[in-house]
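Right, one structure below, let's go through it.
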Amino acid sequence: MAGKLSTNGISILASIGVGISMTILYFIDAISLFAAIVLALILSTALNYLILGKEAFKSKYQITKKK
């Protein structure tokens, strides 16, 4: 299946895109370094949740209920 991108691949590309966007905003002095790091973490995690869905997100970040 050449040319097909899995949801994991899409989530990785989304995270890279967020990182590049925050780097550009930092270097044009639009935001501080701290704000760029925090926004990148928040947006990357949110995009992973949206792209992967609830169950895949929980398994990727190993979020399980303790019994």
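Here are a few things to note about the model shown:
- Qualifying residue in the stretch 9-18 (condition: open to solvent by less than 100 Å² (accessible area, probe 1.4 Å) and in contact (Cβ under 8 Å) with a residue 40 or more places away in the chain): yes
- Looking only at the stretch 19-35, and only at residues there that are in contact with a helix residue (DSSP H, G or I) (Cβ under 9 Å, 6 or more places away or on another chain), surrounded by fewer than 14 Cβ atoms within 10 Å (Cβ to Cβ) and among the hydrophobic types (A, V, I, L, M, F, W, C), the one that is farthest from ALA56 (Cα to Cα): ALA30
- Taking residues in the stretch 40-56 that are over 18 Å from THR23 (Cβ atoms), and partners anywhere that are in a helix (DSSP H, G or I) and aromatic (Phe, Trp, Tyr), the pairs with Cβ atoms closer than 7 Å and at least 6 places apart or on different chains are ASN48/PHE57; TYR49/PHE57.
- Verdict on VAL38 being of a type in the set (A, V, I, L, M, F, W, C) and touching a helix residue (DSSP H, G or I) at 6+ places or on another chain (Cβ under 6 Å): no
- Of residues in the stretch 47-66 being open to solvent by 90 Å² or more (accessible area, probe 1.4 Å) and hydroxyl-bearing (Ser, Thr, Tyr), the one farthest from SER11 (Cα to Cα): THR64
- Considering the chain, the qualifying helices (runs of 4 or more DSSP H), each wholly inside and each with 3 or more residues that are under 16 Å from the mean Cα position of the chain (by Cα) and modelled with pLDDT under 80, run over 54-60.
The values are calculated or read from the model by the stated rules, or taken from the named source; none is laboratory data. For clarity, every value in this text was computed on a predicted model and none was experimentally measured. Glycine also receives a Cβ, built like all others from the backbone with ideal geometry; neighbour counts cover every protein chain displayed. In case anyone asks, the SASA skips ligands and DNA or RNA and just uses the protein heavy atoms, side chains included. Shrake-Rupley method; radii C 1.70, N 1.55, O 1.52, S 1.80 Å.
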